[in-house]
Amino acid sequence: MKIIYLVPFGGLANRLRVIASAIEFSKEYNFKLKVFWINRPELNSSYDDLLCSIPNVEIISKKNNILWRALIHISSHYTIYSWLKKTLLLTDYMLKSKFEKGYFDIESEKFCNYLMKSHKSKNWLITCRKFYNYSNKTLNLFVPQIKVQDKVDKFIKENIGGKFIAVHIRRTDNSISIENSPLHLFEAVIEKAILKNTKILVCTDSSSTKQYLKEKYSSSLVIPESNLSRNSKEGITDAFVEFILLSNSLKIYASQGSTFSLLASEFKSIDLEIVSKTAEISS
């Protein structure tokens, strides 16, 4: 049986989208799947710290040693098509340059045709991109650890209680979100919801944005107190808790270019509205 050795990298949402793609692809084309989850500065937490194991998928957490750093660096900057006689190495740079479509997506059909024509028994895929369409059933395989789900349930019970909408404001290193989804557009969304007495959850990776909204809207918003460091287990756990909270909302108002809120909406097939300059102009 052919095998895919998968090395997803990037943030939490990017990694889960890659793994979901691989699960769906492997099932469709009868590949065995083995996943290497690397604890890196942008996500310094093991898979098992966050999620339960997936049947028939081996997921191995590894420290970010020189080997994995080198492989991910090569994958991000170079196009490499083959490696040894029976092994294919597919880099993220190659996927981006040959098959990119949209934001962190690729043309699945072209990619699959390429992979199937290679006739290699061992296939290494190192990427942060969704490369095959997945179903909601596949996403349901990502089950939070009990300690994580307990934090979610406790937060909803103590701070929200009932139904709510969610606002996700992506900042820090995401230039697309910062440029295309300015804060004043989110303020307009928030103020409309306040007038309707709708409960509003706000999640953001920016401490200054969080403080500003707290001061301006006081008790009208529910804003989790979270560790924003991706380079800590606590910070990643808090981010995953917020991810699950977003997926439990009635609707997510999200920043353009954020796979975090996109995947959260896909988990339970909830409505997602991108808050952006383009949408403002078209309306």
So L6, is it outside any helix (DSSP H, G or I), more than 28 Å from E242 (Cβ to Cβ) and of a type in the set (A, V, I, L, M): no
Unique match (being outside any loop (DSSP other than H, G, I, E, B) and not β-branched (V, I, T)) among E191, E225: E191
Helices (runs of 4 or more DSSP H) contained entirely in the range 9-82, each with at least 2 residues that are outside the structural domain of N231 (by TED's automatic domain parsing), of a type in the set (D, E) and farther than 22 Å from S232 by Cβ: 12-29
Test: residue in the range 155-178 that is under 30 Å from N30 (Cβ atoms), among the basic types (K, R) and either assigned by TED's automatic domain parsing to the domain that holds P41 or free of Cβ contacts under 8 Å to residues at least 24 places away in the same chain (or both): no
Candidate set from the range 100-112 (those that are without any contact (Cβ under 8 Å) to a residue 40 or more places away in the chain and either assigned to a loop (DSSP other than H, G, I, E, B) or over 20 Å from the mean Cα position of the chain (by Cα) (or both)); member that is surrounded by the most Cβ atoms within 10 Å (Cβ to Cβ): F111
Which listed residue is in the same structural domain as D153 (by TED's automatic domain parsing), free of Cβ contacts under 8 Å to residues at least 60 places away in the same chain, over 30 Å from N64 (Cβ atoms) and not polar (S, T, N, Q), from L213, L228: L213
Sole residue being touching a residue at least 40 places away in the same chain (Cβ under 8 Å) and more than 30 Å from K151 (Cβ to Cβ), chosen from I23, I4, I66: I4
Residue count, the range 157-177 (criterion: within 14 Å of I200 (Cβ to Cβ) and outside any strand (DSSP E or B)): 6
Residue count, the range 113-129 (criterion: assigned to a helix (DSSP H, G or I) and within 22 Å of A13 (Cα to Cα)): 0
Where a residue in the range 243-260 is outside the structural domain of C128 (by TED's automatic domain parsing) and outside any helix (DSSP H, G or I) and its partner, wherever it lies, is among the charged types (D, E, K, R) and crowded, with 20+ Cβ neighbours inside 10 Å, with Cβ under 6 Å and at least six apart: S255/R170; S258/R170
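The values are calculated or read from the model by the stated rules, or taken from the named source; none is laboratory data. The shown structure was predicted, so the numbers you read here are calculated from the model rather than taken from an experiment. Please note: Cβ atoms are built from the backbone with ideal geometry, for glycine as well, and neighbour counts cover all protein chains shown.
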